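Read through the structure below, which is laid out as structure tokens, and then see the notes.
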Amino acid sequence: MGFGRGKVILLGEHAVVHGCPAIAVGIERGVTADAIVAERDLLRLAPWDLTLGPDAESDEPLERAFAAALALYPGRPALDVSALVDLPAGAGLGCSAAIGVAVLDAIDEALGIERTRLELAAAALSWERVFHGNPSGIDNTMSAVGGVALYRRDEALRPLHSNKPLHLVIGYSGESSSTKDMVASVGRQLENDPKRVTQAFEGIEVLVRNAKLAIEAGDHIALGQLLDLNHTILSSLMLCTTQLDDMCRAARGAGALGAKMTGAGGGGCMFALATKRDEALRLQGVLGEGAFVVEVSA
Ligand code: PMV
């Protein structure tokens, strides 16, 4: 069985595309997949009731991504891959990367190919590239590896260690968005107003560095404050929606240590940091339908 986790970027999304560090966690929810040798190449995606074949020229990104994945296996037999997606799509939880990691993991298993999770992450980047032209690599890496880690483009992943688990509540705004469009929007802002956007990235980098120390020290009060500040900077880059802002405000008002949007923004998910599991379950009620609790150990 192949598996790709969903991920939550705690701090640093968008800036990570432009070379700044980010901190993310892998979550237990994700995508499972199975591959068998068959007569023709097929990818079946449940619960979406979608069956497609590889097509490098297609307008459908999943068909292009499947073609890119299969191209990694020269001389292979035809493969029938079934994936079960347990993540909302276009919601900032790294759904597309999780599908890619699960599909490659399943194909590796069917063909008896052994590689480490980091090698699997690297292979899945060709899948991610189909979905947006300039992926930082954080989604496929966290999807394959999990845990809590500091990621920076072209550098080795740095797992973070702490003996205090993180209790997160993830809330879905109900609006989906396109990572490609949101990344392009930040790229345009950087081009048009380099001073403002570079300052925003520098601010985010300082928050990420302090958050690393806070996580390692188990100081979740400080971490919560850093999350709030990162949310404000992301708002200044026009990545938040009214709905995401309202949800973050509601979580803070209900006692969360901090709350912020996560992932590409323009919709999708936010998360809140809770002091402990009971509190996380209480906040889940505040964040409404689709909210769920995760506990992550660093
Ligand atoms: O919204 P998601 O799950 O696709 O996350 C995107 C994260 C970005 O930093 C905005 C893009 C990237 O490639 O790192």
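The values are calculated or read from the model by the stated rules, or taken from the named source; none is laboratory data. Computed from a predicted structure; not experimentally measured. Glycine gets a Cβ as well: all are built from the backbone with ideal geometry, and neighbour counts include every protein chain shown. Just so you know, the surface numbers come from the protein's heavy atoms only, side chains and all, with ligands and any DNA or RNA stripped out. Shrake-Rupley method; radii C 1.70, N 1.55, O 1.52, S 1.80 Å.
Based on the inverse mean of 1/r over its pairs of different Cα atoms, what is the Kirkwood hydrodynamic radius of the chain, in Å?
19.2 Å
Can you pull the percent of the chain's accessible area that's carbon plus sulfur, 1.4 Å probe, other chains left in place?
Roughly 51 percent of what the probe reaches on the chain is carbon or sulfur.
Give the range of the longest stretch in the chain that excludes all trypsin sites (Lys or Arg not before Pro) found in loop regions by DSSP and having at most 14 other beta-carbon atoms within 10 Å.
Counting only loop sites that pass the neighbour cut-off, the longest clear stretch is 116-275.
So, for the stretch 201-241, what is the accessible surface per residue at a probe of 1.4 Å, expressed in square angstrom?
Accessible area per residue, the stretch 201-241: 41 Å².
Sorted by accessible area (1.4 Å probe), largest first, how do Asp86, Asp49 line up?
Asp49, Asp86
Taking +1 at the Cβ of each Lys and Arg and -1 at the Cβ of each Asp and Glu, which of Ile107, Ile23, Ala68 sits farthest along the dipole of the chain towards its positive end, judged by Cα position relative to the Cα centre?
The residue sitting farthest along the positive end of the dipole is Ile23.
In nm, to one decimal, how far is the modelled label at Thr116 from the one at Phe292, with both set 7 Å along Cα→Cβ?
About 2.9 nm, to one decimal.
Could you check the spin-label model distance between Asp86 and Asp154? Points 7 Å from the Cα along Cα→Cβ, value in nm.
3.8 nm
Pop the C-beta distance of Asp49 and Ala71 into the FRET formula with R0 = 30 Å and round what comes out to the nearest 0.05.
According to the calculation, E is roughly 0.70.
How many lysine pairs does the stretch 133-275 hold where the Cα atoms are under 25 Å apart and the two sit 8 or more places apart or on different chains?
Lysine pairs, 8 or more places apart or on different chains, close enough: 6.
Out of His132, Gly218, Leu50, whose Cα points farthest toward the positive end of the dipole of the chain (charges: +1 Lys, Arg; -1 Asp, Glu; placed on Cβ)?
My answer, from the dipole projection, is Gly218.
Would you list the membrane-span-like helices of the chain, meaning whole DSSP H runs whose alpha-carbon atoms span at least 18 Å along their axis and whose mean Kyte-Doolittle value is at least -0.5?
Once both thresholds are applied, what remains is 95-111, 117-131, 194-217, 220-236.
Considering only protein heavy atoms, what per residue accessible area in square angstrom results for the stretch 91-190 with a 1.4 angstrom probe?
Here the residues of the stretch 91-190 average 39 Å² of exposed surface.
Multiply the residue separation of Ala217 and Asp59 by 0.36 nm, subtract the distance between their alpha-carbon atoms, and state the gained length in nm to one decimal.
Full extension from Ala217 to Asp59 adds 52.1 nm.
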